[in-house]
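Structure, as C-alpha cells:
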C-alpha cells in the first residue's frame, strides 16, 4: 500500500492547525498563500516563463 501525499493539501492542513492555535497568523498565512499562488501562476511550476 502506497501513501501519496501532495503538497497542496499538506500545506492547507498545517495552515489550518496554525490558525486554530494562533488566530492572528491568519493574515500572514493568507498573504503568503496568495503570493505563492500568484508567483506560480505567473512563472509556472517549472520556473520558466513562456512569452
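Just so you know, all these numbers are worked out from the coordinates, no wet-lab data involved. This structure is a prediction, so every number in the text was calculated from the model and none was measured. Using ideal geometry, Cβ is built from the backbone for each residue, glycine included, and neighbour counts are taken over all protein chains shown.
Here are a few things to note about the model shown:
- Zone of residue 40's modelled label, taken as backbone nitrogen in segment 1-33 under 16 Å from a point 7 Å along Cα→Cβ: 5-16, 29-33
- Anisotropy class of segment 1-41 from Cα gyration tensor, a/c 1.5 cut: oblate
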